[in-house]
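In what follows, a structure is listed as structure tokens, so that the remarks can point back to it.
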Amino acid sequence: MNRRGPLIAAVVSGVIVLLAAVLIVLPKKSEVGKAHDDLLTAQSEEATLQTQLKVLQDAQAAAPVAQKQIDKIQKQIPSTADLPGLFRQLRDVANLSAVDFFSFSPGTPVTDASATFSTLGSGIVVTGSYFSLEEFLHRLETLRRAAKVTSISLAASGTETTGGAGQLQMQLQVEFFTTDTSAGPGSLPGPTQGTAPVILPTVSPTPTESPSPEIPSPTESPSATPGA
């Protein structure tokens, strides 16, 4: 009987240790493993957030440059046809180029197949010397509005008898653009306010003023004498 006591005590102690391992150690080990997995997930999310933060910081630093590019594009391709403004730009180009004659005939805006912008086909005629026409083309290339020259023709203009020897006439077909997709007639919902076609006069960039003719004062007639 005395020999069984230590054996039973050892068995009971083993059972207690086993129960302690099952009830205490194993759950803690599982919690430690889960915590380790959570730590790895958090570290991965932190790395992703750091990358996103770096991208946002770079975008913020580049924002002023991007805004300038957006503003430049909006000036080149405005939200309305703005024919009066376009005419003033071309007139200034003609004046700076010192051409003798300039005319601008805007066409009807046509919506592009992509429905993202409208094209304004226009005709431009300038007359002047070879160098003035060359200067006009150069300034047209650097116009604030985006312009695409689709055709160009050059011919002599004037003779010695007409006082225009050495003058050339250049005819251009040029396309301008606007992001207004309803600029043309018959479009839906209709032309944007302020973009209706404007009839622009044909002008010379450097007109010569002629003196106004003097209008003689009317001669007063004597009053009729009563009873005459």
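Quick note: the coordinates plus some simple rules give every number you see, no bench work behind them. Nothing here was measured: the structure is a model prediction, and the numbers come from that model.
List the pair-distance distribution P(r) of the range 42-119, using every Cα-Cα distance, as the percent of pairs falling in each 5 Å bin from 0 up to the bin containing the longest distance, rounded to whole percents.
In order of increasing distance, the bins hold 3, 11, 12, 12, 12, 11, 9, 8, 6, 5, 4, 3, 2, 1, 0 percent.
Given H placed 1.01 Å from N in the peptide plane, which residues other than close sequence neighbours of ASP100 have an amide H under 5 Å from its amide H?
Here the answer is THR127, GLY128, SER129, since their amide H atoms fall under 5 Å of that of ASP100.
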